[in-house]
Amino acid sequence: MKYIPYCLATLAVLACMPSSVAEAESPTGGASNASSQKHPAPASDPDNEGGWVLNPDVSDEFDGDQLDQDKWFVEGTDGEYYIWKGRPPSQFAPHNVLVEDGKLKIRSQWEPEFEFAKEDYADGAHNDTYGVWEGQPFPVTTGGVISNKRFLYGYMEARTKAGNASMTSSFWAIGYQSELDIYEQIGNPAIKTGDIQEDMWKASIHDWSPPAKRPTRRFGLKTKLPFRVADDFHVYGAEWGEDYLKLYLDGELIWETTREREGKSWVLNNPLEIWFDSEIFTWLGMPTKEGLPMDYEIDYVRVWQKPSKHLLARQFFGFEGPILFQDNPKPNMLVPESSEVNQYQQFWQFGEDALTRFAITKDQAVQGIKSLRFDPNGLNVHVSAVTPPAAVQISDGQFDLSLSVYLEKDCGLQSLNVSLSDPEVVLDGFDLKDVPKEQWVKMTKTFQRDQASGDSDRLRLRFMKDQVEPGEGMIYIDDISISAHDPSASAPAMSVIQGKTVKKSPNDMTLQEFVDMEKAKWQENGWPWNQQAVEANFKEMDVDQNGLASGQERQTWFAKRAAEVAKEKATKPQSP
């Protein structure tokens with residue numbers, strides 16, 4: 001049977017530690033215990049009570065006299081650019097990236113002799129030309145550096161000092177359909193009324209899922225600092241977990257948020273690569289010839305992660321995004337919104353006979369915001385969901401395979417089959433007949449692998465036509481995991497996942513989704529925002545106290561409120 005990658009079958013793929021196949025064999029996802037002894041613990045956790053382990057692939061002290069090209073790509077090297085050439089009118093140039101005095105320096109300078117690209121770059125409302133501003137030459141060059149490797153979850157920090165000009169100094173990260181700007185700073189903005197000032201910290205999380213049109217910022221931080229960012233070095237840190245984000249300044253927590261709070265705006269579910277660069281934000285003022293050159297200085301960048309029992313790429317087997325083959329080069333035009341299948345990123349594959357039955361969806365999820373939905377109704381052929389070859393890389397031994405399932409009330413699927421292919425191992429089927437309906441349930445099987453994975457090992461979910469009873473309900477699958485079996489701590493074969501708010505209809509709304517909807521409505525109407533009142537309204541709507549406001553509950557509440565307002569108006573004395 002021919003299998004088709006899901007990203008090619010739909011308009012967009014809605015599909016750790018480890019984040020990639022190359023890291024899947026390491027219990028620390030590529031982090032090195034040896035390297036962690038050479039460097040201090042995170043500034044946020046100086047005694048390392050969290051058990052952090054340094055990941056050397058995305059950490060650097062910049063102590064040499066040139067940049068380590070095994071770790072970093074410099075924009076413009078040999079005429080090659082990754083994703084873009086920078087934000088015009090400035091353009092990235094490789095000679096502006098220097099390592100000296102134990103620091104990485106990204107220089108911005110006035111260079112009339114530089115040969116700028118004869119092209120425009122469109123970004124939202126801006127469509128500017130490299131080397132030109134308002135019809136006149138504006139020959140500012142700058143630099144950009146990107147980590148070759150990506151990582152999923154951890155604590156990243158950099159000790160930096162912004163350049164003292166109207167140019168950005170930025171520490172940020174991008175991945176599949178997501179962007180985390182730890183900060184965008186401007187050391188000396190020409191316009192003093194914008195949302196980035198010389199004594200501010202602006203952090204942003206962007207959603208780059210298609211159509212990926214501005215504005216893409218979903219949430220973040222804007223706060224005043226007690227210093228100018230260009231005056232001295234400070235340590236900026238971001239701790240990023242499955243369901244939370246924390247920002248630190250010189251080791252002190254200054255802001256945090258959670259997946260629960262942000263709802264579907266939480267897009268930080270895929271591995272990220274680190275960027276350091278400078279740009280011109282034209283809407284915040286232009287640098288001057290006299291104010292250049294300037295240097296954005298990075299003393300070090302360090303990324304720590306915590307050891308993990310997971311042996312599979314979590315974002316992929318949680319249906320959040322592609323699996324990464326990080327030993328292969330990233331394509332130059334791998335923009336965050338891209339679902340292109342290539343040697344670097346690949347996706348779940350479904351048989352041609354099953355394309356309409358499968359969907360990676362935001363309807364339900366036990367982790368992240370997506371899961372795999374399968375419709376077994378009327379199934380008359382055997383169908384499968386299959387990973388790409390080499391998506392599984394485990395040793396020989398005894399393992400636990402777990403997955404989470406959610407069965408709608410009238411789901412007729414009786415069994416789910418799982419197998420590995422190289423060498424072949426067929427697990428006992430997951431019996432779904434006694435699984436509680438309309439709840440997320442974690443199921444676990446123990447299996448023996450007598451040989452390590454071959455080069456083409458893959459996982460297959462198989463749905464058999466003779467294991468379907470009449471019924472119109474769907475099954476959702478999420479959070480597939482393999483870990484080494486521990487006989488002293490065996491997992492139960494089936495357990496209900498407690499405390500998980502489960503939607504029974506696409507019209508159901510969580511508190512955060514309702515707040516987001518109401519906030520947009522209030523802003524559109526120019527009403528002064530009152531989150532406390534909105535949250536109180538939600539609690540009134542949620543009559544069954546399940547953490548959700550159904551479409552019917554919201555309609556009933558709004559109709560009741562409209563009637564109360566009408567009654568108040570009718571009984572209110574009229575002015576003469």
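Where a number appears in this text, it was derived from the coordinates with a stated rule and is not lab data. These numbers come from a predicted model, not from an experiment. Cβ atoms come from the backbone with ideal geometry, glycine included; neighbour counts cover every protein chain shown.
A simple charge model with +1 on the Cβ of Lys and Arg, -1 on the Cβ of Asp and Glu and nothing else charged puts the dipole of the chain at about 1980 debye relative to its Cα centre. Ignoring lysines fewer than eight residues from Lys362 along the same chain, the ones with Cα atoms less than 18 angstrom from its Cα are Lys264, Lys370, Lys500, Lys503, Lys504.
Entry note: the range 334-394 has Rg to Rh equal to 1.00, where both radii use alpha-carbon atoms and Rh is the Kirkwood radius. What shape does the chain have by the C-alpha gyration tensor, where a ≥ b ≥ c are the square roots of the eigenvalues, rounded means a/c under 1.5, and otherwise prolate means a/b greater than b/c and oblate the rest? Oblate, because a/c is 1.5 or more while a/b does not exceed b/c. Toward the positive end of the charge dipole of the chain, with +1 on the Cβ of Lys and Arg and -1 on the Cβ of Asp and Glu, the farthest Cα among Leu311, Pro528, Asn96 is that of Pro528. A simple count of charges around Ala493, restricted to other residues whose Cβ falls under 14 Å of its Cβ and scoring Lys, Arg +1 and Asp, Glu -1, yields -1. Here the 3J(HN,Hα) profile of the range 265-271, calculated from phi with Karplus coefficients 6.51, -1.76 and 1.60 at θ = phi - 60°, is 6, 6, 10, 8, 10, 10, x Hz, Gly and Pro shown as x.
Per-peptide packing, taken as the mean over residues of other Cβ atoms within 10 Å, places 531-541, 301-311, 556-566 in the sequence 301-311, 531-541, 556-566 from highest down. Ranking Ile186, Pro210, Ile196 by Cα position along the charge dipole of the range 181-225, where only Lys, Arg, Asp and Glu carry charges on their C-beta atoms, puts Pro210 farthest toward the positive end.
Compute the Cα gyration tensor for the range 166-229, then decide on rounded, prolate or oblate, letting a ≥ b ≥ c be the square roots of its eigenvalues: rounded whenever a/c is under 1.5, prolate when a/b is larger than b/c in the other cases, and oblate in all that remain. Because a/c hits 1.5 or more and a/b exceeds b/c, the range 166-229 counts as prolate. With Cα atoms defining each centre, the range 139-193 and the range 43-102 are spaced 11 Å apart in the structure. At an R0 of 41 angstrom, the distance between the Cβ atoms of Glu568 and Arg261 translates into a FRET efficiency of 0.75.
Cross-link partners of Lys103 among lysines, defined as those whose alpha carbon lies under 20 angstrom from its own and excluding same-chain residues fewer than eight positions apart: Lys38, Lys71, Lys161. For a test of the definition: using alpha carbon positions, the gyration tensor, and the 1.5 limit on a/c, classify the range 374-527 as rounded, prolate or oblate. Prolate, since a/c reaches 1.5 and a/b exceeds b/c.
Calculated FRET efficiency, Asp65 to Thr193, Cβ-Cβ distance, R0 = 35 Å: about 0.25 to the nearest 0.05.
If the segment from Glu252 to Thr288 were pulled out straight at 0.36 nm per residue, it would be longer than the present Cα-Cα gap by 9.4 nm. Packing here is the average count of other Cβ atoms within 10 Å per residue, and on that basis the peptides 315-322, 131-138, highest first, run 315-322, 131-138. Go ahead and run the numbers for FRET between Asp101 and Ser456, Cβ-Cβ distance against an R0 of 60 Å, rounding to 0.05. For R0 = 60 Å, the calculated efficiency reads 0.80. Going through the cross-link list Lys149/Lys222; Lys309/Lys433; Lys442/Lys521; Lys246/Lys409; Lys433/Lys539, which pairs have a Cα-Cα distance over 32 Å in this structure? In this structure, Lys442/Lys521; Lys246/Lys409; Lys433/Lys539 lie more than 32 Å apart at Cα.
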